[in-house]
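A.B. asks: Once you've had a glance at the structure underneath, I'll fire off some questions.
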Amino acid sequence: MTHIHLDNYTRISEETNAAKATLVAVSKTKPVEAIRALYDLGHRDFGENYVQELVDKQAQLPADIRWHFIGHLQSNKVKYIAPFVHLIHGIDSLKLLKEVNKQAEKNNRVMDVLLQVHIAKEETKFGLNEDELENILGEKGRSDLITLRHICIRGLMGMASFTSNEHVVTDEFKMLKKMYDKYATLQLPNCQFRTLSMGMSGDYQLALANSSNLIRIGSLLFGNRQ
Ligand SMILES: *Cc1c(COP(=O)(O)O)cnc(C)c1O
């Protein structure tokens, strides 16, 4: 078990189960042996950030792994992951949403996605702002949304600011939860809001306390990345 922190995995699994949430193990930059070690314990949800790395790993690992793409996805690379990806967390434009729909159609499937919302103070993080989200999910976007028959928008994803200030992080999570609730009640076409993806190694407990039902944990499970 040299590849994983078993004590952390056990503890976080318990916390996640208690919150009726899903734990996605973020394995980016880590070897397939590390994924295999968690898989052998029964874990099935894994997250990756880079298309090529995900494609390489998927080919070497069991087919029943649920692969979450959590990185910044470029339109021209959707086709490589479309045959097998379980959930794409980082949709941040209508253009990308349309491309995912197109590739899903080619693969004869309906693809589950989350829209990424920019909630952090840092400019460097990706995601839609509130107005852009409204442009996709609000009245204006409705005619486009109806035509995207091969996607299912399952909810929202966000990353809080990288800070030890718990008030800042809590406010950001609450803001995302509010947007999630707003669109969840609208019953939009091709949307079945039930996933709120927020929380990482440094802030997952705050995220769970603020109604996250999917956390993405890397370093606490696999150790720090280079
Ligand atoms: C890398 C990454 C994570 C995991 O980060 P840790 O701090 O190692 O838990 C979660 N979500 C996203 C979007 C990431 O890129």
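The values are calculated or read from the model by the stated rules, or taken from the named source; none is laboratory data. Everything numeric here is computed off the predicted structure, so don't read it as measured data. Backbone-built Cβ (ideal geometry, glycine too); neighbour counts: all protein chains shown. Accessible surface areas use protein heavy atoms only, side chains included; no ligands, DNA or RNA. Shrake-Rupley method; radii C 1.70, N 1.55, O 1.52, S 1.80 Å.
A.B. asks: Output the qualifying pairs, or none if there are none: Cβ atoms under 9 angstrom, residues six or more apart or on different chains, first residue in the stretch 39-58 and within 14 Å of the ligand (Cβ to nearest atom), second residue in a strand (DSSP E or B) and of a type in the set (Asp, Glu).
C.D. replies: Short answer, once both residue conditions are applied: LEU54/GLU48.
A.B. asks: Still on this model: Taking the condition open to solvent by 60 Å² or more (accessible area, probe 1.4 Å), among the acidic types (Asp, Glu) and touching a residue at least 12 places away in the same chain (Cβ under 8 Å), does GLU172 pass?
C.D. replies: Considered against the rule, which asks whether it is open to solvent by 60 Å² or more (accessible area, probe 1.4 Å), among the acidic types (Asp, Glu) and touching a residue at least 12 places away in the same chain (Cβ under 8 Å), GLU172 comes out as no.
A.B. asks: Could you list, in sequence order, the residues of the stretch 81-95 that are more than 28 Å from GLU130 (Cβ to Cβ) and surrounded by fewer than 15 Cβ atoms within 10 Å (Cβ to Cβ)?
C.D. replies: PRO83
A.B. asks: Scan the stretch 167-206 residue by residue and report those that are out of contact with any strand residue (DSSP E or B) (no Cβ under 6 Å at 6 or more places or on another chain) and within 16 Å of the ligand (Cβ to nearest atom).
C.D. replies: Across the stretch 167-206, the qualifying residues are VAL169, GLU172, PHE173, GLY202, ASP203, GLN205, LEU206.
A.B. asks: Which residues, counting only those in the stretch 96-113, are open to solvent by 30 Å² or more (accessible area, probe 1.4 Å) and either part of a helix (DSSP H, G or I) or free of Cβ contacts under 8 Å to residues at least 24 places away in the same chain (or both)?
C.D. replies: Passing the criteria: LYS98, GLU99, LYS102, GLU105, LYS106, ASN108.
A.B. asks: Quickly run through the stretch 175-200 and pick out the residues that are among the charged types (D, E, K, R) and either under 21 Å from HIS72 (Cα atoms) or open to solvent by less than 80 Å² (accessible area, probe 1.4 Å) (or both).
C.D. replies: LYS177, ASP181
A.B. asks: Restricting the first residue to the stretch 201-226 and requiring it to be open to solvent by 50 Å² or more (accessible area, probe 1.4 Å), which pairs with a second residue that is within 11 Å of the ligand (Cβ to nearest atom) and of a type in the set (Ser, Thr, Tyr) meet a Cβ separation below 6 Å and a spacing of at least six or different chains?
C.D. replies: ARG225/THR29
A.B. asks: Of the residues in the stretch 38-56, how many are crowded, with 20+ Cβ neighbours inside 10 Å and more than 15 Å from the chain's Cα centre (by Cα)?
C.D. replies: 1
A.B. asks: Please verify whether the stretch 202-211 includes one or more residues that are acidic (Asp, Glu) and over 17 Å from the mean Cα position of the chain (by Cα).
C.D. replies: no
A.B. asks: Consider only pairs whose beta carbons are under 7 Å apart and that are at least six residues apart or on different chains; among these, list those whose first residue lies in the stretch 65-76 and is near the ligand (Cβ under 10 Å from one of its atoms) and whose second residue is basic (Lys, Arg).
C.D. replies: So the pair list comes out as ILE70/ARG216.
A.B. asks: I'm told ILE146 meets every condition in (1) in contact (Cβ under 8 Å) with a residue 24 or more places away in the chain; (2) farther than 27 Å from ARG109 by Cα; (3) exposed (fewer than 12 other Cβ atoms within 10 Å of the Cβ) except one. Can you identify the failing condition by its number?
C.D. replies: (2)
A.B. asks: Here are the criteria: (1) under 30 Å from ASP131 (Cα atoms); (2) loosely packed, with under 15 Cβ neighbours inside 10 Å. Tell me which single one VAL78 does not satisfy.
C.D. replies: Every listed condition holds for VAL78 apart from (2).
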